[in-house]
Amino acid sequence: MDSLITAAARALAAGDPIGALKRVALRGDAPALALRGIAMAQLGDLARAKVLLRSAARAFGSKEALARARCVVAEAEVALASRDLGWPTKALDAARATLEAHGDRANVAHARHLEVRRLLLIGRIDEAERTLAALDVTRLAPASRTAHELLVAGIAVRRLRTEAARAALARAERAVRDAGIPALAAEVESAWHVLGAEAARLLASGEERPLLLGEVESLLASDALVVDACRHVVGQAGAKASLARRPVLLVHRPGQHDHLGRAQRREREPPRRRAHVRQAAEHPAQPPDLDAQPRPMRLVGELRPERTRDERVPRRVSRPRL
């Protein structure tokens, strides 16, 4: 590998795509194409990055299995950043197996992190958590440790475990100082802002106020009757009943907050036939039976769903190391 390729790779690892392009922008050999593709991805031109990485993989040929695998990993990250969730995961699995066979632990960990990020985007949090727990963090470089802790924090946020999220972000902050990559430091800072941003609205006693993520966690753990308008569940003191695919008129009557068990038992019962509209009109409900006052209710909304499609994915592509 010549000196220009080495210098460009170091520039990319430090988060300097412009510096990398100054060295390889006019070259068309396989290593230069790969580095140009990663640089374009860091600059945000994902379409051009994908074309360059595919060209690099073809140019390396069958004898350069390790280099081709690194290109596949980089292309997988570009696909993830562009929300192409239909990108073939089998190619990433095969590339990771090749990297493991050649002892490239850094890029193996990076491939695992990409897999976890994809699982989070499609809402498979349990599987993402198991995959992440299987990684040995102690052998990772500072940049990889930062990415790992960001994923741990992301899972904790989705689980509404704010203390675990704060601890993971604190570890990510220490790791990113060692890495010295400004783009990665910006991702850590952005993750901190999530914990301090409004996560929900609380409607209680006729008033509405915003809630932070930690306050939402405390509210859901309390004895209050909580109607989660985002996940479509109602819960109290650990008991939950799903409201999905079920039209519900929310009515509060004093002394009726402790009957969630009855609602859970009714989930398995066949739905009753709806009464005719005119029959309901002939017997209007009396005020004591339909008290729609919001005073004692707790309504949580605007929580981030587990299967969100508009979650931000970091645009920085720092791997593979060529």
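A few points about this structure:
- Rounded, prolate or oblate (a/c below 1.5 giving rounded, otherwise prolate when a/b exceeds b/c) for the stretch 52-201 by Cα gyration tensor: prolate
- Inter-label distance, nm, simple model (7 Å from Cα along the C-beta direction), Arg159/Arg58: 4.5
- Per-residue Cβ neighbour counts within 10 Å put Arg36, Arg48 in the sequence Arg48, Arg36, beginning with the fewest.
- Partners for Lys90 among lysines (Cα-Cα distance below 18 Å; same-chain residues under 8 apart left out): Lys50
- Burial ordering of Glu149, Glu77, Glu217, fewest other beta-carbon atoms within 10 Å first: Glu217, Glu149, Glu77
- Put a dot 7 Å past the Cα of Trp192, heading toward its Cβ, do the same for Arg27, and the two dots end up 3.8 nm apart.
- Assuming charge only on the beta carbon of Lys and Arg (+1) and of Asp and Glu (-1), the dipole of the stretch 1-155 about its Cα centre is about 380 debye to the nearest 20.
- Compactness relative to 2.2 N^0.38 Å, alpha carbon Rg of the stretch 53-123: 1.06
- Whether the stretch 155-223 is rounded, prolate or oblate, judged on the alpha carbon gyration tensor where a/c under 1.5 counts as rounded: prolate
- Inter-part distance, the stretch 180-204 to the stretch 131-152, computed on C-alpha centroids, equals 20 Å.
- Extension gain (nm, one decimal) between Ser205 and Arg245, 0.36 nm per residue minus Cα-Cα: 11.6 nm
- Per residue, the average separation of C-alpha pairs within less than 8 Å and at least 6 apart gives the stretch 1-74 a relative contact order of 23 percent.
- Straightening the chain between Leu43 and Ala221 buys 59.8 nm, computed as 0.36 nm per residue apart minus the Cα-Cα spacing.
- Förster radius 30 Å - calculated FRET efficiency between His102 and Ala7, Cβ distance, rounded to 0.05: 0.80
- Residues Val51, Val152 in ascending order of nearby Cβ atoms (within 10 Å, fewest first): Val51, Val152.
We did not get these values from a lab; they are worked out from the coordinates using the rules stated. Owing to the predicted nature of the structure, the values given are computational and were not obtained by experimental measurement. Note that each Cβ is placed from the backbone with ideal geometry, even for glycine, and that neighbours are counted across all protein chains shown.
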